[in-house]
């Protein structure tokens, strides 16, 4: 049986900019995050990258935010089965993304809280995998010929 092992994660990008055009109004602010994912993989290792952007600079959002987190995974199990590569990619596109999303949620919440200008933005509890698949925002990059 093939499984994946989550080794670690790093913050690749962590950008926040206040939107000076934004005018504070009564009530809730509708913020629509844009999610995407990239999966760089070899036969037995992968880097899974999750990005969240809030980039409504017009005046609808009080800030612009861009966060990318990368997780490092490896294949654990038999390396002789033909289906291992397919299973590995399948696990990366579901389990690895689900493992990383809470780290992104926490990071966004913490960053927006520390601006001390607006309440913390807590990204919703969502099926991240379903969203990036439905919106076709998941990209697989075969790194078998390269090293990482």
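The values are calculated or read from the model by the stated rules, or taken from the named source; none is laboratory data. Note that the structure is predicted; figures quoted are calculated from it, not measured. Don't worry about glycine lacking a Cβ; one is built from the backbone with ideal geometry, like all the others, and counts go over all protein chains shown.
Of the residues that sit in the range 105-132 and are farther than 18 Å from residue 65 by Cα and without any contact (Cβ under 8 Å) to a residue 40 or more places away in the chain, which one is nearest to the chain's Cα centre (by Cα)? Step by step, filter the range 105-132, then rank; the result is 129.
Could you please let me know if residue 17 is loosely packed, with under 14 Cβ neighbours inside 10 Å and free of Cβ contacts under 8 Å to residues at least 60 places away in the same chain? Reasoning before the result, please.
Details: loosely packed, with under 14 Cβ neighbours inside 10 Å: yes; free of Cβ contacts under 8 Å to residues at least 60 places away in the same chain: yes.
Answer is yes for this residue.
Out of 80, 68, which single residue is more than 13 Å from residue 100 (Cα to Cα) and either part of a loop (DSSP other than H, G, I, E, B) or modelled with pLDDT of 90 or more (or both)? Walk me through it before giving the result.
Numbers: 68 fails: more than 13 Å from residue 100 (Cα to Cα).
The conditions single out 80.
Residue by residue, here is whether (1) farther than 14 Å from residue 129 by Cβ; (2) at pLDDT 90 or above; (3) touching a helix residue (DSSP H, G or I) at 6+ places or on another chain (Cβ under 9 Å); (4) surrounded by fewer than 15 Cβ atoms within 10 Å (Cβ to Cβ) holds:
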position	(1), (2), (3), (4)
30	yes, no, no, yes
57	yes, no, no, yes
92	no, no, no, no
99	no, yes, no, no
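Residues that are more than 21 Å from residue 72 (Cα to Cα) and touching a helix residue (DSSP H, G or I) at 6+ places or on another chain (Cβ under 7 Å) within the range 4-28 comprise just one, 16. So, residue 43, is that one in contact with a helix residue (DSSP H, G or I) (Cβ under 8 Å, 6 or more places away or on another chain), modelled with pLDDT under 90 and either part of a strand (DSSP E or B) or within 30 Å of residue 2 (Cβ to Cβ) (or both) or not? Yes, satisfied. Among the residues of the range 119-134, those that are within 15 Å of residue 33 (Cβ to Cβ) and in contact with a strand residue (DSSP E or B) (Cβ under 9 Å, 6 or more places away or on another chain) comprise 121, 123, 126, 128, 131, 132. Residues in the range 1-14 that are at pLDDT below 95 and surrounded by 12 or more Cβ atoms within 10 Å (Cβ to Cβ): 2, 3, 4, 14. Taken together, 51, 106 contain a single residue that is modelled with pLDDT of 85 or more, under 16 Å from residue 11 (Cα atoms) and outside any strand (DSSP E or B), which is 106.
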